[in-house]
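Right, one structure below, let's go through it.
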2 protein chains.
Amino acid sequence: MAMPDDSLETSLADGQVRTITDLARLAGVSPGTVSRALAGNALVNARTRDRIQQLARTHGFQLNQMASNLRRQKTGVVGVAIPLGHDRRQQISDSFFMTLLGHLADELTEHGYDLMLRRVIPDRDEDWLARFTGSGMVDGLIVIGQSDQFDRIEEAAAAYLPMVVWGNHQQGQRHCVVGTDNRLGGRLAAQQLIAAGATSLMFLGDTEPMEFAARFAGAGDVAARAGVPIMACPTHLAIDRMPDEIAGHLARHAGQIDGIFAATDTLAVACLKALQDRGLAVPQRMRLVGFDDLPLAGQTVPPLTTIRQDIAAGARGLVDLLLRRLAGEKTESLVLPPELVVRATA
Amino acid sequence: MAMPDDSLETSLADGQVRTITDLARLAGVSPGTVSRALAGNALVNARTRDRIQQLARTHGFQLNQMASNLRRQKTGVVGVAIPLGHDRRQQISDSFFMTLLGHLADELTEHGYDLMLRRVIPDRDEDWLARFTGSGMVDGLIVIGQSDQFDRIEEAAAAYLPMVVWGNHQQGQRHCVVGTDNRLGGRLAAQQLIAAGATSLMFLGDTEPMEFAARFAGAGDVAARAGVPIMACPTHLAIDRMPDEIAGHLARHAGQIDGIFAATDTLAVACLKALQDRGLAVPQRMRLVGFDDLPLAGQTVPPLTTIRQDIAAGARGLVDLLLRRLAGEKTESLVLPPELVVRATA
DNA sequence: TTTTTGTTTGCAAACGTTTGTAACGAAGCT
DNA sequence: AGCTTCGTTACAAACGTTTGCAAACAAAAA
């Protein structure tokens with residue numbers, strides 16, 4: 001048996017081995033064989049396969065993914081879109097979304113997928129969804145937050161299967177969604193506030209986004225049944241406006257209310273500070289419940305009572321459903337149960 | 001002039017217009033012309049150009065990026081790698097890195113680049129860097145945090161130009177880095193603690209990672225000059241171990257020290273809680289300074305004195321330098337000045 | 001009319017893979 | 001010896017763009 005031609009090998013050694021063809025020349029076989037060898041295909045003889053893999057390793061050969069993707073018509077990349085609809089500065093700094101993103105990265109990596117992150121501003125870019133799905137750059141799409149794009153997502157879902165959305169579930173919707181049962185979460189929050197002695201409630205947060213609207217509605221359910229009034233106080237999530245707005249709300253209504261349901265832990269923490277600034281004892285004079293159970297919720301003084309969203313489970317659900325859709329399955333939505341975490345603010 | 005053949009057009013209308021060739025047939029021109037028309041190339045007649053663009057719009061045509069990328073040998077994608085070296089669970093949930101990531105997404109989007117996120121575990125994957133740079137999937141690379149991969153990054157930088165790293169700058173290093181002057185930050189922190197009356201210091205945090213080591217060293221400089229002792233108390237950043245470890249440190253040393261420099265705001269906030277649990281008044285009995293100035297630093301009670309890193313500026317710097325490197329420039333590193341933010345804990 | 005110039009288009013060769021099909025020996029069978 | 005079968009490899013056609021070059025054509029100049 002002839003050894004691979006040494007002189008040929010060294011004559012190429014200086015010029016980088018970039019393409020599969022370079023490698024083929026080096027190994028004295030055809031490009032097709034190299035491709036199969038690198039893929040571990042059983043069609044190619046075990047000895048040649050090892051030899052080629054060895055050669056690839058020593059020369060630091062890297063397969064060109066672009067070409068591979070084009071040929072195989074798949075990319076191994078999942079797109080993650082964060083639409084910034086109603087409050088442009090909100091989400092990107094919102095630690096809930098960032099934490100979810102982290103878990104998504106974990107989960108996708110685990111399954112051999114890469115993650116392509118794209119922030120989209122729907123008002124500026126009409127067909128952000130079509131651009132992403134049709135670009136050929138991603139095999140599937142995860143959308144974090146419906147924002148105010150429910151209709152557009154709904155429309156896209158009709159034609160584009162491999163898409164899963166984090167958000168709120170609505171009766172009879174078409175697109176596959178994963179999310180917490182926000183309405184139930186709202187009920188739990190209001191129940192706890194009332195059980196802790198509250199007789200008049202404030203909902204702190206915007207009621208425009210679907211998730212928040214559902215939380216408010218859930219709290220409303222319970223409040224109505226208990227004969228307790230509840231008022232909504234819209235507040236931006238942007239860190240620079242939040243404190244002032246909360247202070248304003250408290251200044252106007254602090255006398256009339258004795259329980260606050262914050263749409264988000266971030267809001268709750270800011271609110272807690274505002275309450276302490278006003279000298280209102282928590283939970284004696286004012287009860288407070290948050291939403292999310294971010295890590296910082298346990299770190300406040302007093303520690304925050306809140307409604308827990310299981311972010312890790314959410315990420316697992318998103319990825320699991322997406323993978324099944326990539327395999328052609330037509331999956332149902334997944335609604336996760338929220339959990340009341342009683343600490344010290346209510 | 002003949003209008004585009006209507007019967008032909010409708011005969012294709014049902015079958016999706018996927019490729020540039022479909023569109024060419026529809027418009028009665030060659031694929032090359034369509035390509036140029038869509039690119040807005042001045043070579044093609046203005047009228048045909050408009051007609052083709054209109055046609056593309058009405059049929060919802062999307063250029064296949066994969067093919068385009070392969071042909072042009074560029075992708076419009078920047079890779080962002082987060083190496084999880086020394087403390088696997090740390091970084092992904094660490095709000096500093098997440099915030100930086102958010103700003104990076106902003107900044108890259110602004111310049112027309114997409115962002116491909118990849119978490120890498122160096123121990124499991126020897127040549128994570130080469131895989132990323134050589135895959136052909138990204139035009140350039142931003143590495144967030146040197147972790148314990150300084151040498152590997154240094155080595156890769158020799159051959160691969162378009163790479164910028166967030167981290168600590170060391171005398172004479174090869175790779176281009178953007179980061180805060182951690183040593184100076186450490187000095188500022190220690191100065192403030194001592195000015196506030198501290199006479200014996202604790203450094204709360206791991207001293208392994210380069211950034212933290214530099215912060216500790218800076219504090220050490222000042223402490224030594226002032227004749228104040230400082231001890232390092234290694235602490236994990238993982239949220240589930242942090243509180244217990246801090247409580248342990250305090251139990252052992254609380255009597256001997258009266259000032260704490262926490263390597264991170266996250267640590268500082270947890271420490272603040274632990275101090276309050278022990279009934280140690282801040283800042284009367286114990287002074288505390290953090291690092292980062294995360295949004296939550298202003299929300300604690302009392303609000304946290306800390307060393308500010310300008311994350312947004314860091315992100316801008318990273319992207320700016322990367323773009324210049326993509327253009328072939330050989331750029332210098334960028335060291336950002338930290339800033340002391342005096343609130344109420346020291 | 002012929003030549004020149006300029007504008008607009010088509011042709012075909014890349015980009016670097018993957019994969020169906022054919023080809024080629026060698027071995028096993030009648 | 002002829003036939004099939006099997007294991008291994010080479011060949012070539014895709015995948016959907018972009019782009020240098022040549023061709024076609026019209027208008028202007030000679």
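Chain A's nearest residue to the axis relating it to B, judged by Cβ and reported with the distance in whole Å, is A:Met98, 2. Summing +1 for each Lys or Arg and -1 for each Asp or Glu, what net charge is found among the other residues whose Cβ lies under 14 Å from the Cβ of A:Phe150? Every neighbour counted, the sum reads -4. Equivalent-ellipsoid semi-axes for the range B:183-308 (Cα gyration tensor, √(5λ), whole Å, largest first): 19, 16, 15. Each copy carries a label point for B:Glu110 at 7 Å from Cα toward Cβ; from one copy, the others' points are 3.5 nm away, ordered from shortest. Per-residue mean of foreign Cβ neighbours for A:57-70 is 5 (Cβ atoms of other chains, 10 Å radius). Distances between placed amide hydrogens fall under 5 Å for A:Leu334 paired with A:Val177, A:Val178, A:Gly179, all partners being 5 or more residues away or on another chain.
Helix B:210-226 and the long axis of chain B differ in direction by around 30°, with both axes built from C-alpha atoms. For the range A:182-308, the relative contact order works out to 27 percent when only alpha carbon pairs closer than 8 Å and six or more residues apart are counted. From the Cα gyration tensor of the range B:66-224, with a ≥ b ≥ c the square roots of its eigenvalues, which class applies: rounded if a/c is under 1.5, or else prolate if a/b is larger than b/c, or else oblate? Prolate, because a/c is 1.5 or more and a/b exceeds b/c. Each copy carries a label point for B:His253 at 7 Å from Cα toward Cβ; from one copy, the others' points are 4.7 nm away, ordered from shortest. Amide H contacts of A:Ile230 (H built 1.01 Å from N, in plane; Pro and chain starts excluded): A:Leu201 sit under 5 Å, all sequence-distant by 5 or more or on other chains.
The mean number of Cβ atoms from other chains found within 10 Å of a Cβ in peptide B:95-102 is 5, as a whole number. The length gained on full extension between A:Asp221 and A:Asp123, counted as 0.36 nm times the residue separation minus their Cα-Cα distance, comes to 31.9 nm. Largest GNM mean-square fluctuation among B:Gly140, B:Gly314, B:Gly328, using chain B with Cα springs under 10 Å: B:Gly328. Based on C-alpha pairs under 8 angstrom that are at least 6 apart in sequence, the range B:135-192 has a relative contact order of 28 percent. Charges were assigned to the Cβ only: +1 to each Lys and Arg, -1 to each Asp and Glu. The resulting dipole of chain B about its Cα centre is roughly 400 debye.
Sequence-ordered 3J(HN,Hα) estimates for the range A:291-301 from the Karplus curve with 6.51, -1.76 and 1.60 and θ = phi - 60° stand at 8, 2, 6, 5, x, 6, 4, x, 9, 7, 10 Hz, glycine and proline given as x. Largest mean-square fluctuation among A:Gly40, A:Gly145, A:Gly290, in a Gaussian network model of chain A whose springs join Cα atoms under 10 Å apart, belongs to A:Gly40. Running a GNM on chain B with Cα contacts under 10 Å, which residue among B:Arg51, B:Arg183, B:Arg252 ends up with the highest mean-square fluctuation? Most flexible of the set in this elastic network: B:Arg51. What the phi angles of the range B:246-251 give under the Karplus curve with 6.51, -1.76 and 1.60, with θ = phi - 60°, is a coupling list of 5, 4, x, 4, 5, 4 Hz, glycine and proline written as x.
Over chain A, DSSP H runs of length four or greater, each weighted -39,500 (n - 2.57), average out per residue to a 222 nm ellipticity of -13500 deg cm²/dmol. Here, chain B has an Rg and a Dmax of 27.0, 94 Å when only alpha carbons are counted. Cα centroid separation, the range A:212-227 to the range A:163-178: 22 Å.
The residues A:Glu155, B:Glu126, A:Glu107, when put in order of fewest to most other Cβ atoms within 10 Å, stand as B:Glu126, A:Glu155, A:Glu107.
Here the dipole of the range B:183-308 is about 400 debye; that uses its Cα centre as origin and unit charges on the Cβ of Lys and Arg (positive) and Asp and Glu (negative). For chain A, the relative contact order is 16 percent, taking Cα pairs closer than 8 Å that sit 6 or more residues apart in sequence and dividing their mean separation by the residue count. Taking amide H as placed 1.01 Å from N in the peptide plane, the amide H of B:Arg287 sits under 5 Å from that of B:Gly259, B:Ile260, each at least 5 places away or on another chain.
Putting +1 on Lys and Arg Cβ atoms and -1 on Asp and Glu Cβ atoms, find which of A:Ala297, A:Phe203, A:Met286 reaches farthest to the positive end of the dipole of the range A:182-308. Comparing the listed Cα positions along the dipole, A:Met286 ranks first.
Diffusion coefficient (Stokes-Einstein, Kirkwood radius over C-alpha pairs, 4 °C, 1.567 mPa s) for the protein assembly as shown: 46 µm²/s, rounded to a whole number. Using θ = phi - 60° in the Karplus curve 6.51 cos²θ - 1.76 cosθ + 1.60, the 3J(HN,Hα) couplings for the range B:59-71 round to 9, x, 6, 10, 5, 6, 5, 4, 5, 4, 4, 4, 5 Hz; x is entered for Gly and Pro. Going by how many other Cβ atoms sit within 10 Å of their own, how do A:Leu193, B:Leu322, B:Leu237 line up, fewest first? Neighbour counts put them in this order, fewest first: B:Leu237, B:Leu322, A:Leu193.
Sorted from closest to farthest, the other copies place their B:Ala281 label points 1.9 nm away, with each point set 7 Å from Cα along Cα→Cβ.
Among DSSP beta bridges whose residues both lie in the protein assembly as shown, state the antiparallel percentage, nearest 5. Taking every DSSP beta bridge with both residues in the protein assembly as shown, the antiparallel ones total about 10 percent. Each of B:Met242, B:Gly32, B:Ile230 was scored by the projection of its Cα onto the charge dipole of chain B, and the greatest displacement toward the positive side belongs to B:Gly32; charges sit on the C-beta of Lys, Arg, Asp and Glu.
Bear in mind these aren't lab numbers, they're just calculated from the coordinates by the rules spelled out. The structure displayed is predicted, hence computed values, not measured ones. So basically every Cβ, Gly included, is an ideal-geometry build from the backbone, and we count neighbours across all protein chains shown.
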